[in-house]
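The values are calculated or read from the model by the stated rules, or taken from the named source; none is laboratory data. Not measured: the values here are computed from a predicted model. Note: ideal-geometry Cβ built from the backbone for every residue, glycine included; neighbour counts use all protein chains shown.
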Amino acid sequence: MPSGRRCRRPPRPTGLVKLTVSTTYGGTTAVSTPTTEKPRHHHGNLRAALVAAGIEMLEEGEPFSLRAVARRVGVSQAAPYRHFGSKQDIEAAMAEHGFRELQAALRAVIDATEAGQVPLVDLALVYIHFAEDHPALYALMFGSELADDEARREACAQVFALIEEVTAKIHPDRDAHGMATAGWALAHGMATLHLEGTLGRNDDDFDDRVRAAFAAVAG
């Protein structure tokens, strides 16, 4: 799971409206639910509405621009520029939101287990399922053109910090930072290969392949 230049650790609160993320593995279902419904029009939180609409359009494969997002939300074409100076600015906000949602999905699984001790492979499965459920957003989150956006980097760092924290609880005598880094790298690689079809996008046994890969690396 990436760290270093592209991910920083300082916390950064977010006011974005959350999407619902449901992850099932090992017979357990953990759900991260929204605190408010996703806005369809401007009701005092235009920035969140624009980001939510942008993510919708991205995942639907709709042509994407600030003007198109404004039409989707139902505001003037000038309205988005109060919050975003360019298409890349709103894409960065969408990517940041994606990391917040990934963190929420991981946290939901952690909170559903005793003492928050979740094996690294189970967190990897949450990560991979998130990528499967939101492939376009997932690709945007890790796009090189957004690598230097500070808010995106901070949100990415918080995901890594959560993984490292849980790993340290389970393996107090091991290098948690190194294990978390290796785990993220393996999960990201398998998610990418899975989405590309290299490992078989319709493979019903893919979760077992992930577990086998982590077991082999743990050796």
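Structure above, values below:
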quantity	calculated
Filtered residues of the range 80-89 (kept if part of a loop (DSSP other than H, G, I, E, B) and hydroxyl-bearing (Ser, Thr, Tyr))	Ser86
Filter pass, Leu140 being under 23 Å from Asp122 (Cβ atoms) and part of a helix (DSSP H, G or I)	no
Matching entry among Tyr138, Tyr81 (being of a type in the set (Ser, Thr, Tyr) and either within 18 Å of His188 (Cβ to Cβ) or under 11 Å from the mean Cα position of the chain (by Cα) (or both))	Tyr138
Top-ranked residue in the range 68-79 [being part of a helix (DSSP H, G or I) and free of Cβ contacts under 8 Å to residues at least 12 places away in the same chain; ranked as farthest from Ala95 (Cα to Cα)]	Arg71
Selection from the range 180-219 of residues that are within 14 Å of His129 (Cα to Cα), at pLDDT below 90 and among the polar types (S, T, N, Q)	Asn202
Out of Thr24, Thr36, sole residue that is outside any strand (DSSP E or B), modelled with pLDDT under 50 and not charged (D, E, K, R)	Thr36
